[in-house]
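Since the structure comes first, as structure tokens, the remarks are kept for the end.
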Amino acid sequence: MKSMAPELLSQIFLFTSALEKREPGAHSWRLDPDVSRKLSMNDPIVAAVRLSAVCSFWRSTALGCAELWTCIIIDLQSMAYEPYSPEYHRLFSLQDAYVDAIIPRYRQCKTELTLLAGTSVREEHWQHLQRWWNLLAPQARAVHLQAGMWWDHPSLSDVPIPWEETIFALLATPMPHLEHCVLSTDDKVHNMWGLEGLLPQCSSLLTLVLHGLSVRHILNAIGSTNISELVLYEDTELHRLWNLRDKAPTLQRLVLHTTERWAKKLRPPTSLHTLVLHTGAQRQAFDGGLFTGVREPDMDPGWVDNDESMAIRRTHEEDEMEEWTESSNSTDDS
């Protein structure tokens, strides 16, 4: 094995590491309650560390391959520890050491950064979090943030956590190389106040994936974008998204992994040529006069007949909501 060229061995390492990897920008993702556990178990850097421990030749080859260290996962959900216990506090110190060790290894390569958190971050931990983000975010090509936005305590289960106390507040940091952004939270929509300055200077952003966050509020906070792909999962308030033409004028692909139906007032850009639907109700509602650039919508291969009753129920609810919002001052320009 030592006779193998380091360049060839590096390619084998990259292939092995890629088997552990889940692409943040892929619209084939199925966001589910166990996604954080899967992400933590499928950590490409863990694979890289194991490869580098085989022998000195493999170690020097692994350390010399910067691309091997670019998929960074920071898991603060602490499934092994009680929140805010001494062990949980120690987890932040360990992550400090982890970040310091990783940065010299990926050097100037663009990274894929995943940050998983429970609910709010305590004040004493923000300095750690902000430090990691300031070090890692400027080189990020892809970002995946997942966190709860509702208090865990039963008496507070219906009380949202302020946006600025969640990890999503980190999105106010400029990320000039960001191309793919995945934002995921609970299965109910947060009120999402205080989003000003979200994702500034992200002119390179191409794909935005949302789950449990209002697409209308997110796009309003970002302003006009150059995204070419928008992927929506459940509880993203698709039925309240109207001004898509102005918010995403270069959008080419809209993927719906949600049973919600779009509003009658939706104004898609003329650049949109691919529409992926999740339910038969959405397919029946397809209007070629509205989606002028879409010849025929595609169906999400994961949809099942059981989605139909939910979709029909949601359609009635959305029609009632749309009638109410017609007479209110809730517009897409707010």
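The values are calculated or read from the model by the stated rules, or taken from the named source; none is laboratory data. As the structure is a prediction and not an experimental result, all values here were calculated from the model. For neighbour counting, all protein chains shown are included, and Cβ atoms are generated from backbone atoms with ideal geometry for every residue, glycine included.
Residues of region 293-307 include none that is in contact with a helix residue (DSSP H, G or I) (Cβ under 6 Å, 6 or more places away or on another chain), part of a loop (DSSP other than H, G, I, E, B) and either at pLDDT 90 or above or not charged (D, E, K, R) (or both).
Residues that are among the β-branched types (Val, Ile, Thr) and part of a loop (DSSP other than H, G, I, E, B) were ranked within region 199-238; the one that is nearest to Gln146 (Cα to Cα) is Thr236. Against the definition (at pLDDT 75 or above, surrounded by 20 or more Cβ atoms within 10 Å (Cβ to Cβ) and more than 24 Å from Leu275 (Cβ to Cβ)), how does Leu178 come out, yes or no? Yes. Given the criteria surrounded by fewer than 22 Cβ atoms within 10 Å (Cβ to Cβ), among the β-branched types (Val, Ile, Thr) and closer than 21 Å to Thr274 by Cβ, does Thr250 qualify? Yes, satisfied.
If only residues of region 77-95 that are of a type outside the set (A, V, I, L, M, F, W, C) and under 23 Å from the mean Cα position of the chain (by Cα) are counted, the one that is modelled with the highest pLDDT is Gln95. So, of the residues in region 288-301 that are farther than 16 Å from Thr259 by Cβ and touching a Lys or Arg at 6+ places or on another chain (Cβ under 9 Å), which turns out to be surrounded by the most Cβ atoms within 10 Å (Cβ to Cβ)? Checking each candidate, the answer is Leu290. Residues that are out of contact with any Phe, Trp or Tyr (no Cβ under 8 Å at 6 or more places or on another chain), among the charged types (D, E, K, R) and modelled with pLDDT of 85 or more within region 97-133 comprise Asp100, Arg107, Lys110, Glu112, Arg131, listed in sequence order. Considering every residue within region 96-112, establish whether at least one is more than 21 Å from the chain's Cα centre (by Cα), in contact (Cβ under 8 Å) with a residue 40 or more places away in the chain and not in a helix (DSSP H, G or I). Scanning region 96-112, I find at least one residue that is more than 21 Å from the chain's Cα centre (by Cα), in contact (Cβ under 8 Å) with a residue 40 or more places away in the chain and not in a helix (DSSP H, G or I), so the answer is yes.
Scanning region 159-189 for residues that are assigned to a helix (DSSP H, G or I), touching a Gly at 6+ places or on another chain (Cβ under 7 Å) and either closer than 24 Å to Ile227 by Cα or of a type in the set (A, V, I, L, M, F, W, C) (or both) returns Trp163, Ala172.
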